[in-house]
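The values are calculated or read from the model by the stated rules, or taken from the named source; none is laboratory data. Given the structure is predicted, the values throughout are model-derived calculations rather than measurements. Here the Cβ positions follow ideal geometry from the backbone for every residue, glycine too, while neighbour counts run over all protein chains shown. Note: accessible area is taken over every heavy atom of the protein model, side chains too, but ligands, DNA and RNA are not part of it. Shrake-Rupley method; radii C 1.70, N 1.55, O 1.52, S 1.80 Å.
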Amino acid sequence: MSMNPEPCKHLANYKVKYGLSGFNMIQKYVKTTPYGKTMIDKSKFENEISLVCCSVCKVSEGRFLICLLCSSVCCCDVSGESNHALLHSKSESGHEIVVDMERAELYCCVCCDQVYDPDFDSVVMCGHVKEVSGGEKRGLSKRKRLNFCVDLDLKTAKRLVFRRDQRWSKSCYPLGLRGLNNLGNTCFMNSVLQAMLHAPPFRNYFLSDRHSKENCHKRSTDPLCLPCDMDVIFSAAFSGDRTPYSPAQFLYSWWQHSENLASYEQQDAHEFFISMLDRIHEKERKQTMDLKDNGDCLCIAHKVFSGLLRSDVTCTSCGFTSTTYDPCMDISLDLIANTLYAKDTGGGKPSKLKVNEGVATLVACLDLFTRPEKLGSDQKLFCQNCQEKHDAVKQMSVRKLPLVLCLHIKRFEHSLTRKMSRKIDRHLQFPFSLEMKPFLSPSIVRKRFGNRIFTSEGDESEISTEYEIFAVVTHSGMLESGHYVTYLRLKNQWYKCDDAWVTEVDDEVVRASQCYLIYYVQKGLYFKGTEDLSCQPMSPRGDAFVPIAGCC
């Protein structure tokens, strides 16, 4: 039984009849925006082909598609009445396959969906490389120039993936760094997968063959298994092969488990992260049914990412406190500027003194998350002591820290009253080393009740509260058409993973990015994990990884 996505028959027919000529025509119009998004250069297309406007209705704004056969430009609004690309495909036989100018992706007008093709992907990749290298080649007359051609194969492209903006300072990158091909708006998936590949405890689990694909299939009749597909990605990433890898099987398997998200439309990286861990948990829980004595799940998703949040709701009338505990796989934080508060004198929320709108810090966001909050009139607490509803104050704290701490920055706001959404572009300062002790339940409870001993909260000295950052998933661009990129910190060096492209960057580049998901690992695990990462200048198949001309 095949588990690969069904290919588009219209694309297959096009390639049989016309080959790759249309792909090669598109290549010279590929450009990459400053934040890493690949698209068709409209100005270059207008200079050489025609004006970018719909050939039917002449509209010059909106989403445009280029026919691979005749280069006609048509508008496409699949949700409305203006879909002249579909009209063009029906009136001209064989004109079903087009290229989305905004995304540089193949689109089938009949299927009304993006379609993925590895040949087209390699052509776009070559166009990207030509643009990146163009400026450098002009100033390197004494060096051997690279001969770029339209049919550049992946073997050549692989040596270009690891280019840097500066000269090479060493001959190799850490093992496990490998680009992931964009399969059609899948930067959200690629960015999270890169973080997962380098989360030390998660990585060690799969690399030590703790999830055996062979044993998994013996225990289950279900041919689809997300942990098995994750294991395949780990094997590919740490094989030493530098060719960008296409996680198509993983995408297809995830689609089967998350049918509501199964499309080539851009998805939210945070939603994907949670959904992926849920699916891994479900699969491993069914197979092992392992639980600790206290009921904690022993699947790899929970062992690595699961923490525990404490919620205290206090009656403002009598002071009675109701405490609940909730497991969490991440902590979502409101993005706010630094705020100074007056001292809390009455058990409620402290009064605000001053706001510095220009600066937002991660520590301030965590402080806000654990600060007392007065509940609204519609959220009154039924006090067990008073036996009636009263106003209440709620305070959150972290009861148990995970091995890997994921902090989700709420950059997307959704207003139900205004029926609109917007992105918050405010910059957030975040530390590379994070101390979580001030946000633990013992610290928060002591602040509220004084320095008394609370034995029920456990021995704080036994808890590892120091964390080191190892991955940052960033979001650039607009809400509707943004782009996800991951920065990985390996051996105290940062690497930018932008789909198939991996480059070395400085700390300042990471600090200036628009962080969306920040991954920290317990300090001891970070430094132990870096010891296991070795350089791999040669793949197991003997393909030497060498600096390319003009970069050494």
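Annotation note: Cβ proximity below 6 Å between a residue of the stretch 395-409 that is within 17 Å of D367 (Cβ to Cβ) and a residue that is basic (K, R) and open to solvent by 20 Å² or more (accessible area, probe 1.4 Å) (sequence gap 6+ or interchain) occurs for S397/R310.
Please go through the stretch 58-84 and pick out each residue that is open to solvent by less than 50 Å² (accessible area, probe 1.4 Å) and either part of a strand (DSSP E or B) or modelled with pLDDT under 85 (or both).
F64, L65, I66, C67, V73, C74, C75, C76, G80, S82, N83, listed by residue number.
A single member of E531, E468, E508, E504 is modelled with pLDDT of 90 or more, in a helix (DSSP H, G or I) and not β-branched (V, I, T), and it is E508.
Determine whether the stretch 241-251 contains at least one residue that is farther than 28 Å from V521 by Cα, at pLDDT 85 or above and in contact with a Pro (Cβ under 8 Å, 6 or more places away or on another chain). The answer is yes; a qualifying residue exists.
Which of the residues belonging to the stretch 277-297 are at pLDDT below 85, open to solvent by 60 Å² or more (accessible area, probe 1.4 Å) and of a type outside the set (S, T, N, Q)?
First pass over the stretch 277-297, keeping only residues at pLDDT below 85: 283-296.
Now drop any that are not open to solvent by 60 Å² or more (accessible area, probe 1.4 Å), which leaves 285-286, 288-294.
Answer for the stretch 277-297, where residues must be at pLDDT below 85, open to solvent by 60 Å² or more (accessible area, probe 1.4 Å) and of a type outside the set (S, T, N, Q): R285, K286, M289, D290, L291, K292, D293.
Take the conditions open to solvent by 60 Å² or more (accessible area, probe 1.4 Å) and either aromatic (F, W, Y) or modelled with pLDDT under 95 (or both) and apply them to D499. Does it pass? No, not satisfied.
Residues that are modelled with pLDDT under 65, touching a Pro at 6+ places or on another chain (Cβ under 8 Å) and open to solvent by less than 30 Å² (accessible area, probe 1.4 Å) occur in the stretch 158-167; there is at least one. Does Y526 qualify as being at pLDDT below 90, in contact with an Asp or Glu (Cβ under 6 Å, 6 or more places away or on another chain) and either open to solvent by less than 20 Å² (accessible area, probe 1.4 Å) or in a strand (DSSP E or B) (or both)? Here the answer is yes, as Y526 does meet what is asked.
Matching residues to (1) over 33 Å from the mean Cα position of the chain (by Cα); (2) at pLDDT 85 or above; (3) more than 15 Å from Y516 (Cβ to Cβ):
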residue	(1), (2), (3)
H414	no, no, yes
R426	no, yes, no
F430	no, yes, no
S433	no, yes, yes
I444	no, yes, yes
G450	yes, no, yes
I453	yes, no, yes
E457	yes, no, yes
I463	no, no, yes
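If we scan the stretch 382-400, do we find a residue that is under 23 Å from the mean Cα position of the chain (by Cα) and among the aromatic types (F, W, Y)? Taking every residue of the stretch 382-400 in turn, none turns out to be under 23 Å from the mean Cα position of the chain (by Cα) and among the aromatic types (F, W, Y). Pairs are defined by a Cβ separation below 7 Å, a sequence spacing of at least 6 or placement on different chains, a first member in the stretch 362-378 that is over 19 Å from L333 (Cβ atoms), and a second member that is assigned to a strand (DSSP E or B) and of a type outside the set (A, V, I, L, M); the pairs so defined are L375/K394. When restricted to residues that are open to solvent by less than 50 Å² (accessible area, probe 1.4 Å), at pLDDT below 90 and not aliphatic (A, V, I, L, M), the stretch 301-345 contains 6.
Pairs only if they're at least six apart or on different chains, beta carbon under 8 angstrom, first in the stretch 299-310 and more than 9 Å from L277 (Cβ to Cβ) and in a helix (DSSP H, G or I), second basic (K, R) and open to solvent by 10 Å² or more (accessible area, probe 1.4 Å); list them, first residue then second. From the stretch 299-310, the pairs are I300/R210. Of all residue pairs spaced 6 or more apart or on separate chains, those with beta-carbon atoms under 6 Å, a first member in the stretch 508-522 that is closer than 11 Å to F470 by Cα and a second member that is assigned to a strand (DSSP E or B) and small (G, A, S) are Y519/A471. Of all residues in the stretch 381-408, those satisfying the criterion of being open to solvent by 90 Å² or more (accessible area, probe 1.4 Å) and either more than 20 Å from F449 (Cα to Cα) or small (G, A, S) (or both) are F382, Q384, Q387, E388, K389. If you go through the stretch 1-41 and keep only what is open to solvent by less than 70 Å² (accessible area, probe 1.4 Å), at pLDDT 80 or above and not in a helix (DSSP H, G or I), you end up with C8, G19, L20, Y29, V30, I40, D41. Scan the stretch 195-209 and give yes if some residue there is open to solvent by 20 Å² or more (accessible area, probe 1.4 Å), free of Cβ contacts under 8 Å to residues at least 60 places away in the same chain, on the phi < 0 side of the Ramachandran plot and more than 12 Å from the chain's Cα centre (by Cα), otherwise no. Checking the stretch 195-209: at least one residue is open to solvent by 20 Å² or more (accessible area, probe 1.4 Å), free of Cβ contacts under 8 Å to residues at least 60 places away in the same chain, on the phi < 0 side of the Ramachandran plot and more than 12 Å from the chain's Cα centre (by Cα).
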